[in-house]
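What follows is calculated from the coordinates using simple rules that are stated; it is not laboratory data. From a predicted model like this one, the values you see are computed outputs, not experimental measurements. Heads up, the Cβs are rebuilt from the backbone with ideal geometry, glycines too, and the neighbour counts pull from every protein chain shown.
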Amino acid sequence: MNRRLFLGGFLPAPLWSASAIRLSRTDGLPEYVELKDARVTVLVFLSTVCPISNAYQDRIRGLISHWAGKPVRVLLVNANDNETSAETAQYAADVKFPVPFYKDWRNTVADRFGATLTPEVIVVDETGAARYRGAIDDAQNPARVKTEAVKIAVDDLLAGRPVSVKPIRAFGCAIKKVS
């Protein structure tokens, strides 16, 4: 039986949504992330091999820099079952993002928040509620970007406003889920 469906009928939504998420560090050790510990958590689902995901590396670094010193936590997550922890660790070492890169074994975090593509972003508030899910911005070509959706969503939440940007449909490579 699907645990989420079973528990979802008995637990109030805020309790379920605010529960911690479990990820694995690149050294293989588990890490539990309490969503309530940051005003905003940005889950960025990435792939080590997807060319579209990899084309966003500089834009992701820019977002991380934009939120430096603010109560925003960025979690870079690889949920692809066909990409090993060794490949994920090597990718993290090569790319050198300023925040940790995690593995989501069995797609539990991706499934919980409905992520299906790389790159795809879920912006979560401190109650664990997803406030934005979709693309980072509206164009693969950085020169054509008109709407920086994730940046707008996070900045709205930090300012205490409802998210004003409409979700932009994510585009990229499908997350290879556990079968």
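If you take every DSSP beta bridge whose two residues both sit in the chain, what share of them, in percent to the nearest 5, is antiparallel?
Percent antiparallel among DSSP bridges in the chain is about 65.
What 222 nm value per residue comes from the helices of the chain, counting each DSSP H run with n ≥ 4 as -39,500 (n - 2.57) and dividing by all residues, nearest 500 deg cm²/dmol?
It lands at -7500 deg cm²/dmol.
Which helices of the chain meet both criteria: a Cα extent of 24 Å or more along the helical axis and a mean Kyte-Doolittle score no lower than 1.6, with helices taken as whole DSSP H segments?
Qualifying helices: none.
When the chain is fully extended, how far beyond the present Cα-Cα distance does K146 get from R22, taking 0.36 nm per residue of separation?
41.2 nm
Which whole number of Å³ per residue matches the convex hull of the alpha-carbon atoms in segment 69-139?
Cα-based convex hull of segment 69-139, divided per residue, equals 116 Å³.
Report the label-to-label distance for A55 and A139 in nanometres (one decimal), using points 7 Å from each Cα along the Cα→Cβ vector.
Reported label-point gap for A55 and A139 is 1.2 nm.
Which residues' amide hydrogens lie under 5 Å from the amide hydrogen of R73, considering only partners 5 or more residues apart or on another chain, with H built in the peptide plane?
Answer set, sorted by chain and number: V40, T41, V42.
What shape does segment 11-90 take by its C-alpha gyration tensor, where a ≥ b ≥ c are the square roots of the eigenvalues and a/c under 1.5 counts as rounded, a/b above b/c as prolate, and the rest as oblate?
oblate
Dipole of the chain, Cα-centred, from +1 at each Lys and Arg C-beta and -1 at each Asp and Glu C-beta, to the nearest 20 debye?
The dipole of the chain has a size of about 340 debye.
Can you tell me the length gained on complete extension of the stretch K176 to T84, counting 0.36 nm per residue apart and subtracting the Cα distance?
So the extension gain works out to 31.9 nm.
Divide the volume of the convex hull of the Cα atoms of segment 3-174 by its number of residues and quote the answer in cubic angstrom per residue.
Spelled out: Cα convex hull of segment 3-174, divided by residues, is 116 Å³.
What does the charge count near D138 come to, summing +1 for each Lys or Arg and -1 for each Asp or Glu among other residues with Cβ under 9 Å from its Cβ?
Around D138, the surrounding residues sum to 0.
Put +1 on the Cβ of every Lys and Arg and -1 on every Asp and Glu Cβ in the chain; which of V121, V163, T84 then has its Cα farthest towards the positive end of the dipole?
V163
What FRET efficiency, computed as 1/(1 + (r/R0)^6) with R0 = 45 Å and r the Cβ-Cβ distance, is obtained for E31 and A159, rounded to the nearest 0.05?
It comes out at approximately 0.95.
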